[in-house]
Amino acid sequence: MNRAELFAPFINAVKDPDEPVKQWKKEHAGGVIGFLLPDVPEELIHAAGFFPYAITGGNIGPDQVDTHLQTWACSYARSCLANALGGRLDFLDGLIVPQACDTMRMLPGIWEHARHLPYMDNYRLPRQVDRSSAKKYLIAELARLKNGLEQFGGHKINSESLRHSIALYNHNRALFRDIFQIHAQNSSLISSRDLYMVIKGAMVMPRERVNELLKEIAGELKDRLKIESAAKSLRLVLSGTMLEPLEILDFIEEQGGTVVGDDFQNGYRYIEADVPEKSDYLEALADQQLNRIPSAAFDTQKNPRRSFLADLAREKRADGVIFLHMKYCEPENFDYYDNLLAIENIGIPAMRIETQFGASLEQLRTRIHAFMEMIGGKSDD
Amino acid sequence: MTEKNVFKTAGLMKEMMTNYYEKGKEAKRQGIPVAWVTAVFPVEIIYAAGLFPYYPENFGAVAAARKVADKLSAVAETRGYSPDLCGYARCGIGDAYADEHPVGEILPPDLLFCCNTQCGSLPKWFEVAGRFYNAPYFLLDAPQVGFETDELCKEYYVEQLHEMIAYIEKYTGVPFDFEKLSAVLALSNEACRLWNEILDTAALKPAPFGFFDACFHMAPIVTWRGTEEAVNYYRALKEEVEERIEQRIYAIPNERYKIYFDHIPCWPKLRWFSELFASHGALVAVSQYTHSWAYSFDLEHPLESLAESYTHEFVNRCFDHRIERKINFMKKYGIDGFVLFSNHSCKPNAFGLYDKRRLISEKTGLPGVIFEADMSDLRFFSEAQVLAKLEPFFEQLET
């Protein structure tokens, strides 16, 4: 199979993110619960019999979002709201917003008045994760979320269906980690662009189907791994809340680079932490949340993000680190300087790029090419 | 706030605040641990534990009022901190790195306590400061509360208060004194009661006291809440306000309208705004901001009561609850129109205002307007743009 064949369903899902869900709705006559990133427990939504649909944002377009949300709100929040206002999320029956930052705390009220949905809830994540109170609270919060889904769905989520959904998602994450591994060994088999594109596509596709496809991809790539040798590339670690736009990966690859590690909500952070096997499923979901890799949204004193990033860059033998920041993302910006120092201290060159949904690609290309050239990549001349 | 209109008590406040900063330095000299805290934080526990609470937000407000926020911010910006971050945080981080300290040096913490009821910017700033000063940091986490009393959030917070007390005991080596806490809570209650009685006089028509006066006199309720000094201060202020009512000295000459204002003032332009409103006979009577410190703790259940008060504060409530609270203030104070400040420094208070303006007008029939600026930083302030919003609003009040 060539690239287009292998990745076609994911390429299509990124292009038309509402196609798979509309198809599913036709076949299953079921409800769709949308959610924003990060960290919403899709397993609960799935176990309740709904389609968990990640709202991954998009270009903002001419919708009336400016009359609801300031231009200096992050473009992820703005573009999600713009999609709702523009009627492009009309297939949603419900919405869960994770309260991971101030913008995500304020968005649901605006959304509710502008485009009311029959089910709307917030996932009130604990922001400290190290003390025992966090876990106890989180289990109760998950129970509250579960209860709301049950009420909306009209039936209880039994432990068998929750066990099944957790196993499905754990399997999904394991498959993704396999593919990450293959990419790390030989990025000519699956490029950085394709890797992250597959994740982005998977977020809006039925997970059962995703797993079938990933199994095929992993099988095919593993066969090739045996015969095709890896070309030498410049190894990059990327850090930020969201990897957006994906074209950035093309710009890196054009200059002979490959991404060997990241901490994005729509990247490795999305598939890194499994839900442990435990008889108390809510406790297991809480454990997963509290053990995710660090992000700016949470105070993780036992696993500080700057040390995590420095370790990651070292472990992955990175030639450079790119901080890819969503403009107006406060938590990310507060972390940046100390993260930068941690990377500089281990002698790895780093740069920051601010992006937005709908950012100018040419400017991004120029900046990335310049950085790649500095760390020893191809030259534009 | 014309010259002759300045409160006598203002002199007492200057003295108190000088004293407060002096006490901070003294604490450092005597080895009393300096604990950074946030404005909406159960400081009563810090006082009861014998630590010195320091309010970096107050530092931010002072830097803003003295119009140096841009200078301090610039120092932070050279390190990659964005000018779009909270202005108080930019001032605090900037001052930490700065060689020059135009409003005195921010007091370095021995340990840091933060509650995220107000926003997510404070914990991030405190994390940065904890790393910079190499001091331990403790977050009291307050999940957002909806319309009703939220038992889950309360229980979580109570458990964290226990964790915090154990954390302080470990740090100081001294068992926590609940009797002392009770005494501190009683002092907080008294100061809050007096403060809110003073604020309420803004409902009189004409009123002796308004929002801009409250901005001037609020520092003690934030920084001295839980002490005798705060009680004495507000007792003196209340007496003076009562005298003024008798003597018919009013907050502005010819009060014709009462205005609701949301939320923090634009500190470097405080006088400009107060004169602008006064020139139109409009008394800015009330803001949810200055009403934040309205606690009434139950001494029988101190931790539960602290938990409910500090998590159920308006800034931590859902969208519709916040609309209802604003409308209740408008009714209570007989408001004729409302002004909402889309504060570039404060996302949790600014985001949602566009819809709130429309919804409040629909529900109350009152005219309302939004202007864009920054509470600290004049780089985000344009007099012409603010006037372009406010002048038509004043015209609307006349019709």
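Things to note:
- Options A:Val260, A:Val204, A:Val275, ranked by Cα towards positive dipole end of segment A:180-279, top entry (Cβ charges): A:Val275
- Long hydrophobic helices in chain B, taken as whole DSSP H segments with a C-alpha length of 24 Å or more on their own axis and mean Kyte-Doolittle hydropathy at least -1.0: B:151-172, B:178-200.
- 12 Å beta-carbon shell around A:His164, net charge (K/R +1, D/E -1): -1
- Dipole-positive endmost among B:Phe351, B:Ala251, A:Ile293 within the protein assembly as shown (Cβ charges, Cα centre): B:Phe351
- Taking every protein chain into account, the 1.4 Å probe leaves B:Tyr250 with about 70 Å² of accessible area, to the nearest ten.
- Look at where the Cα atoms of segment B:331-399 and of segment A:186-213 average out, and the two centres are 47 Å apart.
- In this Cβ point-charge picture (+1 for Lys and Arg, -1 for Asp and Glu), segment A:92-204 has a dipole of about 320 debye about its Cα centre.
- Once the Cα-Cα distance is subtracted from the 0.36 nm per residue extended length, the A:Arg88 to A:Glu208 segment shows a gain of 40.8 nm.
- In segment B:1-78, trypsin sites (Lys or Arg not before Pro) in a DSSP loop with at most 14 other beta-carbon atoms within 10 Å: B:Lys8, B:Arg66
- Share of carbon and sulfur in the accessible area of the protein assembly as shown stands at 50%, probe radius 1.4 Å.
- Coarse-grained scattering of chain B at q = 0.08, 0.10, 0.12, 0.14 Å⁻¹, given as base-10 log I(q)/I(0) from a Debye sum over alpha-carbon atoms: -0.41, -0.65, -0.97, -1.36
- Label-zone membership for segment B:347-370, site B:Glu391, 7 angstrom Cα→C-beta point, backbone N under 18 Å: B:369-370
- Counting only protein heavy atoms and using a 1.4 Å probe, the accessible area of B:Leu306 comes to about 0 Å².
- Annotation for A:Ala231 and A:Lys378: the two label points, set 7 Å from Cα along the Cα-Cβ direction, are 0.7 nm apart.
- Summed buried accessible surface, chains A and B, 1.4 Å probe, nearest 100 Å²: 4400 Å²
- Modelled label reach - B:Glu228, point 7 Å along Cα→Cβ, segment B:169-190 residues with backbone N closer than 17 Å: B:180-190
- Inter-probe distance in nm under a simple model that places probes 7 Å from Cα toward Cβ, at A:Met1 and B:Thr172: 6.5 nm
- Å² of accessible area per residue within segment B:152-216, as computed with a 1.4 Å probe and no ligands counted: 40 Å²
- Computed helical MRE - 222 nm, chain B, DSSP H runs ≥ 4 contributing -39500 (n - 2.57), nearest 500: -17000 deg cm²/dmol
- Nearest-0.05 FRET efficiency for B:Lys67 and B:Lys8, computed from C-beta distance (R0 35 Å): 0.85
- Magnitude of the charge dipole for the protein assembly as shown, about its Cα centre and with charges confined to Cβ atoms of Lys, Arg (+1) and Asp, Glu (-1), is about 440 debye.
- Only Lys, Arg, Asp and Glu carry charge here, each on its Cβ (+1 for the first two, -1 for the last two); on that basis chain B has a dipole of about 960 debye about its Cα centre.
- Each of A:Asp66, A:Asp194, A:Asp121 has its accessible area taken with a 1.4 Å probe; listed largest first, they run A:Asp66, A:Asp121, A:Asp194.
- In the elastic network of chain B, a GNM with C-alpha springs shorter than 10 Å, the most mobile of B:Ala166, B:Ala282, B:Ala142 is B:Ala166.
- At an R0 of 51 angstrom, the distance between the Cβ atoms of B:Arg256 and A:Arg314 translates into a FRET efficiency of 0.15.
- Residue-count net charge about A:Ile33 - beta-carbon cut-off 13 Å; Lys, Arg +1, Asp, Glu -1: -3
- Of A:Leu168, A:Leu341, A:Leu309, the one that fluctuates the most in a GNM where chain A has Cα springs shorter than 10 Å: A:Leu341
- The simple spin-label model puts a point 7 Å past each Cα toward its Cβ; for A:Asn59 and B:Ala74 those points are separated by 3.9 nm.
- Heavy-atom accessible area for B:Glu300, with the other protein chains in place and a 1.4 Å probe, reaches approximately 150 Å².
- Extension gain, A:Ala143 to A:Glu254, is 35.2 nm, computed as 0.36 nm per intervening residue step minus the present C-alpha separation.
- Average accessible surface area per residue within segment B:1-77, 1.4 Å rolling probe, Å²: 41 Å²
The values are calculated or read from the model by the stated rules, or taken from the named source; none is laboratory data. Predicted model, so just to flag it, every value in this text is computed and none were measured. Neighbour counts are summed over all protein chains in view; Cβ atoms, including those assigned to glycine, are modelled from backbone coordinates with ideal geometry. Ligands, DNA and RNA are excluded from the accessible area calculation, which covers all protein heavy atoms including side chains. Shrake-Rupley method; radii C 1.70, N 1.55, O 1.52, S 1.80 Å.
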